[in-house]
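J.: Structure provided below as structure tokens; questions to follow.
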Amino acid sequence: MSSANNIQIKVLEKEQLKHAVVFSGISPKAMRRVFAAWSLFSVIVAIIVVLAPGLSQTFQLTVFGILIAFTLAMFAQSRIAEGWPALIGADNEVCVVRDPPKREFICVPKSLVKTIEPTLIKPNKKALALILDTERLSEEDAKILNKAVWPRDDRLLALAHFISRDKACKKVSAFLALS
């Protein structure tokens, strides 16, 4: 790939995501909480169905089957350890997700980021914009930026999931040591 000073598309390993700073998206900690809450919900529903008078065995087995299927589907996605991050900080880089199932990210060295600001992706998606130092970008960097989910020449956009945009901007600025 390209040198350490350039923008790169990287496929991150589960362990790298586990230790990354999640600025936007669902962190592994939040995913574990969701899975624990789902498991508790499933147990409560199963107990209610078993104790409810007059329910047929077919209905009970259907409910158990659905609960088990959804629990296995959640677990099979194997995202409990890594979450579904949209914008992360790792290894002196800020990375924006490009393909979540493949764990593919566009990673920008901290030194290329001028600032971060809240923005909207038309028509109404709340997002964060990493404003890049265009004077330091190469043609190769521009090609990689055009492979982003929302291509731009001077910035990289990430959805703002489960956090206010202003709070996320403050967290990223602190990570980048911007004022």
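The values are calculated or read from the model by the stated rules, or taken from the named source; none is laboratory data. From a predicted model like this one, the values you see are computed outputs, not experimental measurements. Cβ sites come from the backbone with ideal geometry, for glycine too, and all protein chains shown count toward neighbours. Side chains included, ligands, DNA and RNA excluded: accessible areas come from the protein's heavy atoms. Shrake-Rupley method; radii C 1.70, N 1.55, O 1.52, S 1.80 Å.
J.: In whole Hz and in residue order, list the ³J(HN,Hα) couplings for segment 8-22 that follow from phi through the Karplus curve 6.51 cos²θ - 1.76 cosθ + 1.60, θ = phi - 60°; x for Gly and Pro.
T.: Karplus-based 3J(HN,Hα) across segment 8-22 equals 9, 9, 10, 9, 8, 7, 4, 5, 5, 5, 4, 9, 6, 8, 8 Hz.
J.: Turning to a different aspect of this structure: For the chain, set up a Gaussian network in which alpha carbons nearer than 10 Å are linked by springs, and say which option among ALA148, ALA76, ALA127 fluctuates the most.
T.: ALA76
J.: Once you place label points 7 Å from the Cα toward the Cβ at GLN77 and GLU140, how far apart are they in nm?
T.: Roughly 3.6 nm, to one decimal.
J.: Okay, moving on. Which ³J(HN,Hα) values, rounded to whole Hz and listed in residue order, are derived for segment 109-122 from phi using the Karplus coefficients 6.51, -1.76 and 1.60 in 6.51 cos²θ - 1.76 cosθ + 1.60 with θ = phi - 60°, glycine and proline given as x?
T.: x, 3, 5, 8, 8, 7, 6, 10, 9, x, 8, 10, 9, 4
J.: OK, next. Which whole-Hz couplings ³J(HN,Hα) result when phi for each residue of segment 97-102 is put into the Karplus expression 6.51 cos²θ - 1.76 cosθ + 1.60, θ = phi - 60°, listed in order with x for Gly and Pro?
T.: Couplings: 5, 10, 9, x, x, 8 Hz.
J.: Same structure again: Let me know the Kirkwood hydrodynamic radius for segment 44-96, please, with Cα pairs as the basis and the value in Å to one decimal.
T.: Hydrodynamic radius (Kirkwood, Cα pairs) of segment 44-96 is 14.2 Å.
J.: What dipole magnitude, in Debye to the nearest 20, does the chain give about its Cα centre under +1 on Lys/Arg Cβ and -1 on Asp/Glu Cβ?
T.: 480 debye
J.: State which entries of LYS110/LYS170; LYS114/LYS170; LYS143/LYS170; LYS10/LYS147; LYS114/LYS171; LYS126/LYS171 exceed 18 angstrom in Cα-Cα distance in the structure shown.
T.: LYS143/LYS170, as the Cα separations exceed 18 Å there.
J.: Follow-up question, since we're still on this one. Would you please name the GluC sites (Glu not before Pro) within segment 83-179 that are DSSP coil residues with at most 11 other C-beta atoms within 10 Å of their C-beta?
T.: none
J.: Between TRP38 and ASP166, how many nm apart are label points set 7 Å from Cα along the C-beta direction?
T.: Output for this residue pair reads 3.4 nm.
J.: Counting each DSSP H run of 4 or more residues in the chain as -39500 (n - 2.57), what helix-only mean residue ellipticity at 222 nm follows after dividing by all residues, to the nearest 500 deg cm²/dmol?
T.: -12500 deg cm²/dmol
J.: Once amide H atoms are placed 1.01 Å from N in the peptide plane, what residues at a sequence separation of 5 or more from ILE26, or on another chain, have their amide H within under 5 Å of its amide H?
T.: For ILE26, whose amide H was placed from the backbone, the distant partners under 5 Å are TRP84, ALA86.
J.: Could you list the square roots of 5 times each eigenvalue of the Cα gyration tensor of the chain, that is, the equivalent ellipsoid semi-axes, sorted largest first and rounded to whole Å?
T.: After scaling each eigenvalue by five and taking roots: 41, 16, 14 Å.
J.: Please give the direction-averaged projected area of the C-alpha convex hull for segment 94-179, in square nanometres with one decimal.
T.: Here the figure is 5.7 nm², rounded to one decimal.
J.: Hey, any idea what % of segment 80-140's accessible area is carbon plus sulfur with a 1.4 Å probe?
T.: 46 percent
J.: Run the numbers for ALA30 and LEU55: contour at 0.36 nm per residue of separation, minus the present Cα-Cα distance, in nm.
T.: Full-extension gain reported as 5.5 nm.
J.: Given points 7 Å out from each Cα along the Cα-Cβ axis, report the ASP99 to VAL149 separation in nanometres with one decimal.
T.: Spacing of the two 7 Å Cα→Cβ label points: 1.4 nm.
J.: For LYS14, give me every one of the lysines with a C-alpha distance below 18 angstrom, ignoring sequence neighbours fewer than eight places off in its own chain.
T.: The reachable lysines, counting only those whose Cα sits under 18 Å from LYS14, are LYS29, LYS102.
J.: From the square roots a ≥ b ≥ c of the eigenvalues of the alpha-carbon gyration tensor of segment 17-56, which class results: rounded (a/c under 1.5), prolate (a/b over b/c), or oblate? List each step's numbers first, then the result.
T.: Details: a/c = 6.69, a/b = 5.08, b/c = 1.32.
Prolate shape, in that a/c is at least 1.5 and a/b is the bigger ratio.
J.: Segment 73-115 to segment 141-179: how many Å between their Cα centroids?
T.: 11 Å
J.: Only Cα pairs under 8 Å and at least 6 apart count here; give the relative contact order of the chain as a rounded whole percent. Before the final figure, lay out the partial values.
T.: Details: 270 pairs, mean separation 49.7, N = 179.
RCO, the chain: 28 percent.
J.: Additional query: Report the one residue of SER138, LEU120, CYS107 whose Cα lies farthest in the direction of the positive end of the charge dipole of segment 103-150 (charges on C-beta: Lys and Arg +1, Asp and Glu -1; origin at the Cα centre).
T.: My answer, from the dipole projection, is LEU120.
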